[in-house]
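Comments concern the structure below.
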Amino acid sequence: MTPSPTPSPTTPRADALLRLEGISKTFGGVKALNNVSLELQAGRVYHLLGENGSGKSTLIKIIAGAQPPDAGQIIVRGQSYNQLGALEAIRAGIETVYQDLSLFPNLSVAENVALTTQLDLNGGQLARMLDWGKVKRIAIKALERVGLPTHAGFLAAPVETLPIAVRQLVAIARGIAARASLVIMDEPTAALTQREVENLLLIISSLREEGVSVLFVSHKLEEVFRIGGSVIVLRDGVKVLDGALSDYDETKISFVMTGKQLDQTTYRTGQPQSEVLLEVSNLARGTAFADVSFALHRGEVLGITGLLDSGRNELALALSGVHPATSGEVRLEGSAVQIRNPRDAISLGLGYVPEDRLTEGLFLTKPIRENTVVTVIDTLLKGIQLNFAAMTAKAVGFVKDLQIATPSVDLPVSSLSGGNQQRVMVARWLATKPKVLMLHGPTAGVDVGSKDALYKLVQRLAEGGMGVIIVSDDLPELLMNTDRILVMKKGRIAKEFTTADLEKDLLTQTLLSEDSSAQQ
């Protein structure tokens, strides 16, 4: 049933697009939001910040009509509601790009982009006969704006066939296609490389100039400060800051978010050993990458970065055995090895934390215990049955060692925050006792406090003699954590940097330049 409007208890400001008054929400005795009030004006950018578990996602879902509040009022252009329905939110001009994208994998790009508009025009249902000409026109206009192809083949491509970063851009295109008054972007740059991020920042600027408000949720404070605007910080379900971003710096915002001083400029303090642990020579896979050669030393943290078409993702998948290389040589501890599938990689001591933990890594409905030990499940047999006590003990040990915040390993892994889910993924591979651990986008969707813990863990692993490879588009992350950085372009290593004296501006310039010459 559509909730009926109720009189507004207070008079909103004339320029207020959205007001929340006293919003509260409880889940199973846990107060996700506690008396949160805020106001969004038209044509402004607001940054909603906070650690995982602070209440950001719950607040977004209440605004978007995906969840009702337990108490409080939602006021849209002066019209007050006890709660919004999803279709009401769309009709009110509120469009949300969720962190999990919420795309239909079996539908085409064009269908996904035009979906919101079609639902609005047809009372919340898709018409029995879609106007395909109109669907394509809507999709093409939005896709052009986010820098994606608009040819017929791409429009017809099922979303499930696209790389995660392209899917992210498709979700953003759907968000701006509906001509919304308020666009909520939940971690929109988590899967994007530097070039796509730059384009998104231009999109946000143009939306603001058109009078559209943007509620931007991100754990990347550097991007937040580049965009500017206002900042709202939640901590433990309570609004603890609401003001102009220009009044603060990254250190102060981090402190407000976490209650801790996180002011380290670098985490890398150790030195790699002289022994070569992993050596890759002339590795290639079709048109994805070719002639890739590098060495990883014992105790070294190596960064690999590049844009969407650089081949960096495909290289990571090849080294993990997911999509094996077609030619070239890999040597581990001096011996040539074959990586034909993930089982080969695991048996050789190559661990891989994938780019998207939600769709490529975690079994979301299964307990934390099973998610932690699944890679070594065959070692936990007692006769022909699983040794439940041994499984629990191993999982509890990792929970303690990696400081995973949970009251019980019996809970589903979906109950954890993003940072704690990522630590479960790392624990899963540490259980195999790897010689080399590859981390693909290790802190995507992870708050600043959890990033701090993960970075310190990476350094501890390297100091213990493990070789660590970080594949990432987060340049500050690479600069703070690695010994060397390889920049890939068009399937080849274009440049290698020693991190100690490397300036971020030079790394950014190298990444975005059109020069794709091979490494000297």
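The values are calculated or read from the model by the stated rules, or taken from the named source; none is laboratory data. Just so we're clear, the structure is a prediction, and the values are computed from it rather than from any experiment. Here the Cβ positions follow ideal geometry from the backbone for every residue, glycine too, while neighbour counts run over all protein chains shown.
When region 364-388 is filtered for residues that are closer than 16 Å to residue 411 by Cα and not hydroxyl-bearing (Ser, Thr, Tyr), the ones remaining, listed by number, are 364, 366, 367, 368, 369, 370, 371, 373, 374, 388.
The set of residues from region 490-518 being buried (at least 21 other Cβ atoms within 10 Å of the Cβ) and farther than 20 Å from residue 296 by Cβ comprises just one member, 511. What is the residue count in region 329-363 for residues that are under 15 Å from residue 281 (Cβ atoms) and in contact with a helix residue (DSSP H, G or I) (Cβ under 9 Å, 6 or more places away or on another chain)? Summing the residues that are under 15 Å from residue 281 (Cβ atoms) and in contact with a helix residue (DSSP H, G or I) (Cβ under 9 Å, 6 or more places away or on another chain) in region 329-363 gives 5.
Within region 71-92, which residues are surrounded by fewer than 20 Cβ atoms within 10 Å (Cβ to Cβ) and part of a loop (DSSP other than H, G, I, E, B)? Once the filter is applied, which keeps residues that are surrounded by fewer than 20 Cβ atoms within 10 Å (Cβ to Cβ) and part of a loop (DSSP other than H, G, I, E, B), region 71-92 yields 77, 78, 82, 83, 85. Residues in region 147-168 that are closer than 19 Å to residue 194 by Cβ and of a type in the set (A, V, I, L, M, F, W, C): 4 in all. Set side by side, the residues 255, 216, 294 differ, and just one is of a type in the set (Phe, Trp, Tyr) and not in a strand (DSSP E or B), which is 255. The set of residues in region 217-242 that are without any contact (Cβ under 8 Å) to a residue 40 or more places away in the chain and not hydrophobic (A, V, I, L, M, F, W, C) comprises 223, 226. Among the residues of region 1-41, the ones that are part of a loop (DSSP other than H, G, I, E, B) and either small (Gly, Ala, Ser) or at pLDDT 90 or above (or both) come to 5 in all. Residues of region 319-328 that are in contact with a helix residue (DSSP H, G or I) (Cβ under 7 Å, 6 or more places away or on another chain) and on the phi > 0 side of the Ramachandran plot: 321 alone. Can you find even one residue in region 189-203 that is modelled with pLDDT of 90 or more, among the polar types (S, T, N, Q) and either within 30 Å of residue 26 (Cβ to Cβ) or out of contact with any Phe, Trp or Tyr (no Cβ under 9 Å at 6 or more places or on another chain) (or both)? No, that holds for no residue.
What do you reckon, is residue 328 assigned by TED's automatic domain parsing to the domain that holds residue 428, under 22 Å from the mean Cα position of the chain (by Cα) and of a type outside the set (Phe, Trp, Tyr)? Criteria not met by residue 328.
Residues in region 343-371 that are among the hydroxyl-bearing types (Ser, Thr, Tyr) and either within 14 Å of residue 429 (Cβ to Cβ) or outside the structural domain of residue 420 (by TED's automatic domain parsing) (or both): 347, 352. Among the residues examined, residue 399 does not qualify as surrounded by fewer than 19 Cβ atoms within 10 Å (Cβ to Cβ) and assigned by TED's automatic domain parsing to the domain that holds residue 280.
The combined condition, being farther than 29 Å from residue 453 by Cα, assigned to a helix (DSSP H, G or I) and either small (Gly, Ala, Ser) or in contact with an Asp or Glu (Cβ under 7 Å, 6 or more places away or on another chain) (or both), is fulfilled by residue 171.
For beta carbons closer than 9 Å, sequence separation of 6+ or different chains, a first residue in region 198-216 that is surrounded by 18 or more Cβ atoms within 10 Å (Cβ to Cβ) and a second that is of a type in the set (Ser, Thr, Tyr) and at pLDDT 90 or above, the qualifying pairs are 207/213; 212/181; 213/46; 213/181; 214/46; 215/46; 216/46.
Could you give every pair whose Cβ atoms fall below 6 Å, whose first residue belongs to region 16-32 and is not assigned by TED's automatic domain parsing to the domain that holds residue 415, and whose second residue is basic (Lys, Arg) and not in a loop (DSSP other than H, G, I, E, B), counting only separations of at least 6 or pairs across chains? Note: pairs meeting the criteria are 32/25. Right, residue 245: within 30 Å of residue 92 (Cβ to Cβ), in contact (Cβ under 8 Å) with a residue 40 or more places away in the chain and in contact with a Phe, Trp or Tyr (Cβ under 9 Å, 6 or more places away or on another chain) or not? For residue 245, the condition - within 30 Å of residue 92 (Cβ to Cβ), in contact (Cβ under 8 Å) with a residue 40 or more places away in the chain and in contact with a Phe, Trp or Tyr (Cβ under 9 Å, 6 or more places away or on another chain) - is met. Here residue 318 passes the criteria (1) within 30 Å of residue 513 (Cβ to Cβ); (2) surrounded by fewer than 14 Cβ atoms within 10 Å (Cβ to Cβ) except the one numbered (2). Sort out which residues of region 42-70 are assigned to a strand (DSSP E or B) and within 12 Å of residue 234 (Cα to Cα), and write them in order of number. 47, 48, 49, listed by residue number.
Residue 364 falls short of the stated requirement of being in contact (Cβ under 8 Å) with a residue 24 or more places away in the chain, within 20 Å of residue 276 (Cβ to Cβ) and either of a type outside the set (A, V, I, L, M) or in contact with a Ser or Thr (Cβ under 7 Å, 6 or more places away or on another chain) (or both).
Residues in region 405-425 that are more than 19 Å from the chain's Cα centre (by Cα) and surrounded by 22 or more Cβ atoms within 10 Å (Cβ to Cβ): 409 only.
If the condition is being closer than 10 Å to residue 491 by Cα, crowded, with 22+ Cβ neighbours inside 10 Å and at pLDDT 95 or above, then region 259-314 contributes 289, 292.
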